[in-house]
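The values are calculated or read from the model by the stated rules, or taken from the named source; none is laboratory data. These numbers come from a predicted model, not from an experiment. Cβ coordinates were reconstructed from backbone atoms using ideal geometry, including for glycine residues, and neighbour counts include every protein chain displayed.
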Amino acid sequence: MAALFANLGIAIAKFVGYAFTSSSSMLAEAIHSVADTSNQALLLLGSRRAAKDATPDHPFGFGRERYFWSFIVALVLFTLGGLFAIYEGLHRLGEGSHEVSNVQWAIGILSLGIILEGYSFRTAAKESLPLKGRASWWEFIRHSRTPELPVVLLEDLGALMGLTLALAGISAAALTGDSRWDAYGTIAIGVLLVVIATVLVFEMKSLLIGESALAPMRRTIIEVIEGTEDINCVLHMRTQHIGPDELLVAAKVQLRPGLDTAGVAAVINRAERRLREAISIECMIYLEPDVFDPEHPDLAKS
């Protein structure tokens, strides 16, 4: 929400600035802010749709809606933000010299934009800290199962860098009298957005295909299951995020010999209960009792 309102206000200010300055960098940044505003709206739409109850056609729910709309966000940033800015910059270079007027308007609006984007970026970083833990920011973006925060973080970082590039391009054009610097700034903004969007596309694609729980959580799951009374060991386990806050756990476990049917059911139920207490997100758990066969070890994985 902080990013949505910040970008909406910035977009309006940048269009006003473009009307007074005719700067291609200002126009590129205005379109960039429109793209970012649309993206935040899409992320909110994804969160709302992901909250729908499961149906017979979608028995595991709609958690991946959040991944899908985050993927769309990356495509919007790539096309509406990055490609448009590159096109506009090349178009201005092809046109030759064009005057950048009322530079003070551009500098004032871009400086305001840096303040507002800085606030949005700080909010996203603060919200990300509990999930990031000891990981680096790059590791957090690469491995986070919650799509919205990495998307907003990269968008806001790109916006801050884009505003700086626009400010540098317009200032250089005003100081030198050469409007090509404004066009160069526009192209640089476009390239920056294309790079950020490409990173997001690949990350969201991976989440859409399906990613497992992170290694620390996988270790916790195995420890909890194997720590359950009457379970000897986990023979094989697979996990998959079906949403940022929903995890599918499927495992084959070897039980203590001699249990009857009621005893097996009681052990499985006990293990599932302990798992739900140990894992902070919602879990769909399927545990299957099995016996390890040293002559056919692969059977435990099928």
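Mind telling me which of the residues Ser111, Ser128 ends up being assigned to a helix (DSSP H, G or I) and crowded, with 16+ Cβ neighbours inside 10 Å?
Ser128
Using the structure shown, decide if Thr239 is touching a Lys or Arg at 6+ places or on another chain (Cβ under 9 Å), assigned to a loop (DSSP other than H, G, I, E, B) and either assigned by TED's automatic domain parsing to the domain that holds Ser70 or surrounded by 14 or more Cβ atoms within 10 Å (Cβ to Cβ) (or both).
For Thr239, the condition - touching a Lys or Arg at 6+ places or on another chain (Cβ under 9 Å), assigned to a loop (DSSP other than H, G, I, E, B) and either assigned by TED's automatic domain parsing to the domain that holds Ser70 or surrounded by 14 or more Cβ atoms within 10 Å (Cβ to Cβ) (or both) - is not met.
Looking only at residues in region 56-97 that are within 27 Å of the chain's Cα centre (by Cα) and of a type in the set (D, E, K, R), which one is farthest from Glu155 (Cα to Cα)?
Among those residues, the one meeting the criterion is Asp57.
Could you please give the count of residues in region 10-47 that are surrounded by fewer than 24 Cβ atoms within 10 Å (Cβ to Cβ) and basic (Lys, Arg)?
The total comes to 0.
Could you go through region 103-124 and let me know if any residue there is hydrophobic (A, V, I, L, M, F, W, C), assigned by TED's automatic domain parsing to the domain that holds Ser22, touching a His at 6+ places or on another chain (Cβ under 8 Å) and in contact (Cβ under 8 Å) with a residue 12 or more places away in the chain.
no
Within region 159-172, restricting attention to residues that are within 23 Å of the chain's Cα centre (by Cα) and surrounded by fewer than 24 Cβ atoms within 10 Å (Cβ to Cβ), which residue is farthest from Ser47 (Cα to Cα)?
Looking at residues that are within 23 Å of the chain's Cα centre (by Cα) and surrounded by fewer than 24 Cβ atoms within 10 Å (Cβ to Cβ), I get Met161.
Is it the case that Ala2 is at pLDDT below 80, surrounded by fewer than 20 Cβ atoms within 10 Å (Cβ to Cβ), touching a Ser or Thr at 6+ places or on another chain (Cβ under 6 Å) and under 17 Å from Glu155 (Cα atoms)?
In short, yes.
When residues of region 47-64 are filtered for being touching a residue at least 40 places away in the same chain (Cβ under 8 Å) and in a helix (DSSP H, G or I), how many remain?
2
Are any residues in region 172-204 at pLDDT below 85, touching a helix residue (DSSP H, G or I) at 6+ places or on another chain (Cβ under 9 Å) and farther than 18 Å from His32 by Cβ, and if so, which ones?
Ala173, Ala174, Leu175, Asp178, Ser179, Arg180
Return a yes/no flag: does region 201-208 have any residue that is assigned by TED's automatic domain parsing to the domain that holds Ala85, in contact (Cβ under 8 Å) with a residue 12 or more places away in the chain and aromatic (Phe, Trp, Tyr).
No: region 201-208 contains no residue that is assigned by TED's automatic domain parsing to the domain that holds Ala85, in contact (Cβ under 8 Å) with a residue 12 or more places away in the chain and aromatic (Phe, Trp, Tyr).
List every residue pair whose Cβ atoms sit under 7 Å apart, with the two residues 6 or more apart in sequence or on different chains, where the first one lies in region 21-43 and is free of Cβ contacts under 8 Å to residues at least 40 places away in the same chain and the second, anywhere, is assigned to a helix (DSSP H, G or I) and crowded, with 24+ Cβ neighbours inside 10 Å.
Between residues of region 21-43 that are free of Cβ contacts under 8 Å to residues at least 40 places away in the same chain and residues that are assigned to a helix (DSSP H, G or I) and crowded, with 24+ Cβ neighbours inside 10 Å, the close pairs are Ala30/Lys14; Thr37/Asn7; Leu42/Trp69; Leu42/Val73.
Considering each of Arg134, Arg142 in turn, give the residue that is among the charged types (D, E, K, R), part of a helix (DSSP H, G or I), under 28 Å from Ser280 (Cα atoms) and in the same structural domain as Trp181 (by TED's automatic domain parsing).
Of Arg134, Arg142, the one residue that is among the charged types (D, E, K, R), part of a helix (DSSP H, G or I), under 28 Å from Ser280 (Cα atoms) and in the same structural domain as Trp181 (by TED's automatic domain parsing) is Arg142.
Going by what's in this entry, would Ile86 be described as in the same structural domain as Met161 (by TED's automatic domain parsing), without any contact (Cβ under 8 Å) to a residue 60 or more places away in the chain and either part of a loop (DSSP other than H, G, I, E, B) or closer than 23 Å to Ile196 by Cα (or both)?
Judged against the criteria, Ile86 is not a match.
I'd like to check something: does region 261-272 contain any residue that is of a type in the set (Lys, Arg) and either under 30 Å from Ala172 (Cβ atoms) or touching a residue at least 24 places away in the same chain (Cβ under 8 Å) (or both)?
Yes, region 261-272 contains at least one residue that is of a type in the set (Lys, Arg) and either under 30 Å from Ala172 (Cβ atoms) or touching a residue at least 24 places away in the same chain (Cβ under 8 Å) (or both).
Considering only region 173-220, state which residues are over 14 Å from the mean Cα position of the chain (by Cα), assigned to a helix (DSSP H, G or I) and within 30 Å of Asp245 (Cα to Cα).
Leu193, Val194, Val195, Ile209, Ala215, Pro216, Met217, Arg218, Arg219, Thr220, listed by residue number.
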